[in-house]
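Since every read-out is calculated from the coordinates, none of them should be taken as a lab result. Please read all numbers here as calculations on a predicted model, not as lab measurements. Counting neighbours? That spans all protein chains shown, and the Cβs are built from the backbone with ideal geometry, glycine included.
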């Protein structure tokens, strides 16, 4: 069942499973995805007594902006402010946070800047806070080609392409980023309907331009970006998961992530899984949440 809650900026749609008085677990999807990513995890966690909340990020599914004048930003400060505001609106003081890609970034930022709100963190792919100041430094050729979609979205052709061919592009990314995942058309379409949100293209394009310093951020969020520029440490208990077959961010990239975590920390490389790890191996997410709560 989809519910909604209003924050200062959004009407956030979310799915809730488990007892209303259970311990809160918030799971956050990435790009291009939606709450279907966690279908295999919510049942077991709710069975443990958790109140599992899976929101649709800004630009996805039924989540809507309240004001037409609000910048359609997908920057990391926006995603993290949305998560904090979502918790505030629901009266959640503390929660276990889990996420990957955009959702992992939001979870990492909240854990870093507002640790008093976080019981524990499951961060898929490592330390997900962007180092925007270093974004223009070229990576290896192997990594640059993995980011082809980012360079595409930084062109006028990329905007037109995502507008006209969002399903084709997103389906290709699913295949490239999780090469061992044998999903079918029905599985993809169950999520792809969330890409029909009227703000999807604008939010995605701004996200990938802002991170490369090619688009301004929302001025109201600049204080958060200033704090993130210092690459703040994460001081809450954390478990990092990384798919061994991740086609966009190889597992080797999180080998040194430990230097950003100052509390209990463990890194787990999940065999066979790719970038869309919650879809592929939901049991790894469930186990990590359970282990943090022990």
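With a ≥ b ≥ c taken as the square roots of the eigenvalues of the C-alpha gyration tensor of segment 1-41, please select rounded if a/c is under 1.5 and otherwise prolate if a/b is larger than b/c or oblate if it is not? Mind dumping the intermediate values first?
Details: a/c = 1.90, a/b = 1.04, b/c = 1.84.
Cα axes put segment 1-41 in the oblate bin.
When shorter helices are ignored and each DSSP H run of at least 4 residues is given -39500 (n - 2.57), the per-residue value for the chain at 222 nm works out to -11000 deg cm²/dmol. A straight line joining the Cα centroids of segment 158-207 and segment 223-294 runs 23 Å.
Most mobile of 282, 138, 237 per a Gaussian network model of the chain (Cα springs, under 10 Å)? Highest fluctuation of the listed residues: 138. The modelled label-to-label distance for the pair residue 294/residue 186, using points 7 Å beyond Cα in the direction of Cβ, is 3.7 nm.
Just to check, using Stokes-Einstein with a Kirkwood Rh over alpha carbon pairs, what's the diffusion coefficient of segment 2-292 at 37 °C and 0.692 mPa s in µm²/s? It would help to have the intermediate numbers written out before the result.
Working: Rh = 18.8 Å.
Estimated diffusion coefficient is 174 µm²/s.
Restricting to bridges with both residues inside the chain, how much of the DSSP beta-bridge set is antiparallel, in percent to the nearest 5?
Details: 11 of 36 bridges.
In the chain, approximately 30 percent of DSSP beta bridges are antiparallel ones.
Remark: the residue 145-residue 256 segment gains 37.7 nm on full extension, using 0.36 nm per residue and subtracting the alpha carbon distance.
Gyration tensor over the Cα atoms of segment 165-294: the corresponding equivalent ellipsoid has semi-axes (square roots of 5 times the eigenvalues, largest first) of 26, 25, 14 Å.
Residues considered: 192, 13, 164. Largest GNM mean-square fluctuation over the chain, using C-alpha springs under 10 Å, is found at 164. Considering only 187, 94, 171, the mean-square fluctuation computed in a Gaussian network model of the chain, springs between alpha carbons under 10 angstrom, is largest for 187.
FRET efficiency for the residue 212 to residue 172 pair, using the beta carbon distance and R₀ = 22 Å, is estimated at 0.60. Quote the FRET efficiency, to the nearest 0.05, computed for residue 89 versus residue 264 with a Förster distance R0 of 22 Å and r equal to the Cβ-Cβ distance. Efficiency computed from Cβ-Cβ geometry: 0.15. Between residue 116 and residue 48, the C-beta separation translates, for a Förster distance of 22 Å, into a calculated FRET efficiency of about 0.40.
Please arrange 176, 66 by counting, for each residue, the other beta carbons lying within 10 Å of its beta carbon, fewest first.
Working: 176 15, 66 12.
Arranged by neighbour count, lowest to highest, 176, 66 become 66, 176.
Going from the fewest other Cβ atoms within 10 Å to the most, the residues 212, 242 appear in the order 212, 242.
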